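To start, the structure itself, in structure tokens.
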Amino acid sequence: MTTRVEPPQLAILLADNERLRALAASVIHDFNNFAAAIGGYSELVLQRLASDDEHVRAGVRGIRDTATWGARITRRLMAAAGRSPLPPTRLAVDMALTAAEPALRLLVGDGTRLTVNRHSAAAIVELPPGEFEQMLVNLVVTAREAVGAGGIIGIVADTVQVDEAGRRAAGLPAAGDYVRLAVSDTGRRTSETAGSRVFPGGYGLATVHDIVTRNGGAVSVTSGPGAGSTFEVYLPRLDNAVLERPLMPDVDLHHGSETVLVVENEEPVREMIVDVLSLHGYTALAAGDGEEALRVAASHRGALDLIIVDVVMPGISGEALAQRLTAGRPGTRVLYISGYTDDLIRQHGFTLASGHFLQKPFSVDDLARKVREVLRGRVA
């Protein structure tokens, strides 16, 4: 019998195996490059599609959002494996569910019906990046395995005010306002123990329990023979909280006329960045590695305003290349990019103090904003 290892299960294995951690880091780096290219091209297609072609636009948005959503989970995987703790960020629950829904529908497959109901208004919770998605994946995978083909999985998000009696019943640390996320299935389970917080299903549900309790919430399950199961997650609701930035911002174009050299060894990512820059009015030069970048820069007769360079490349490292390219060019700025997590690129001798940095995968909007930010610093 084949046993599938879900991402949270892999994270626990990684914590005890340095070789597996190194392998996971390589896989995440490659996936982040793929996600950057897929997400970037999706946004470019959206900009070029007719505004009235809503059916096609919805499909392309689903591709973009699923790539972004998957990358958030891979970053959480490395944090769960002990690579680098991620600080919590504010998350709008209804927007997070909207962003996750296309990927969840792919996860359950065509043979299972998935319903998503959002009654949480603009409720906001605080979690490290990727943990909300990881929690959802584990709960939905557990439900999918319970129902099989032809079953129904339901997700409901709402807000509740929990009094002292409710606090004791749910096992919460304090009474107050909570966001409740319920994932139910029509599977045929035996009765499960909710009060002791002992959940079946191996690492996946244990990871859900860890995420929720570590962030000040609680999780319980009700089940009966032939009645399916309902997992209820309670997370503290932030009072009067405001998101600093929308989860899925609309593209806000930032045009320029400067010359930018893009040095990226992954061709799809390099071509996507060049395409974005050209669309925004920049003159874009491209190179696949450090040696080619030195030749391109030497043959270029005009100004070189910005260098976008991958931190880790075969041959000359991104930082060493930037130092050589900027020597004698005091007005040239550098923007570093990478699909590796922060701690891994620090192992290559790079620190964020070395210059501006943009983590892959990034959106078209992220890239355009960052380029303008760096170039404004050049003239400030």
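The values are calculated or read from the model by the stated rules, or taken from the named source; none is laboratory data. Fair warning: this is a prediction, and the values are worked out from it, not measured in the lab. Note that we place each Cβ from the backbone using ideal geometry, even for glycine, and neighbour counts take in every protein chain shown.
The set of residues from segment 79-99 being modelled with pLDDT under 70, in contact with a Ser or Thr (Cβ under 8 Å, 6 or more places away or on another chain) and either closer than 18 Å to residue 362 by Cα or outside any helix (DSSP H, G or I) (or both) comprises 83, 84. Filter segment 101-129 down to the residues that are among the small types (Gly, Ala, Ser) and more than 15 Å from residue 65 (Cα to Cα) and list them by number. Across segment 101-129, the qualifying residues are 109, 111, 120, 121, 122, 123. So for segment 181-189 (the condition being assigned by TED's automatic domain parsing to the domain that holds residue 94, without any contact (Cβ under 8 Å) to a residue 40 or more places away in the chain and over 21 Å from the mean Cα position of the chain (by Cα)), does at least one residue qualify? No - not one qualifying residue is present in segment 181-189. Within segment 148-170, the set of residues being of a type outside the set (A, V, I, L, M) and within 27 Å of residue 115 (Cα to Cα) comprises 148, 150, 151, 154, 158, 159, 161, 166. Of all residues in segment 260-286, exactly one satisfies the criterion of being of a type in the set (A, V, I, L, M), modelled with pLDDT under 95, in contact with a helix residue (DSSP H, G or I) (Cβ under 6 Å, 6 or more places away or on another chain) and under 15 Å from residue 336 (Cβ atoms), namely 269. Scanning segment 156-165 for residues that are among the small types (Gly, Ala, Ser) and surrounded by 15 or more Cβ atoms within 10 Å (Cβ to Cβ) gives a single hit, 157. Residues satisfying the criterion are absent from segment 324-341 (criterion: surrounded by fewer than 19 Cβ atoms within 10 Å (Cβ to Cβ), modelled with pLDDT under 85, under 22 Å from residue 36 (Cα atoms) and not small (Gly, Ala, Ser)). Look at (1) modelled with pLDDT of 90 or more; (2) within 22 Å of residue 365 (Cβ to Cβ); (3) small (Gly, Ala, Ser) and you find that residue 298 fails only one, number (2).
Scanning segment 109-144 for residues that are more than 19 Å from residue 207 (Cβ to Cβ) and not acidic (Asp, Glu) yields a total of 15. Filter segment 255-294 down to the residues that are assigned to a loop (DSSP other than H, G, I, E, B), crowded, with 16+ Cβ neighbours inside 10 Å and without any contact (Cβ under 8 Å) to a residue 40 or more places away in the chain and list them by number. Answer for segment 255-294, where residues must be assigned to a loop (DSSP other than H, G, I, E, B), crowded, with 16+ Cβ neighbours inside 10 Å and without any contact (Cβ under 8 Å) to a residue 40 or more places away in the chain: 288, 289. Only residues that are part of a loop (DSSP other than H, G, I, E, B) and modelled with pLDDT of 50 or more were counted across segment 166-198, and they come to 8.
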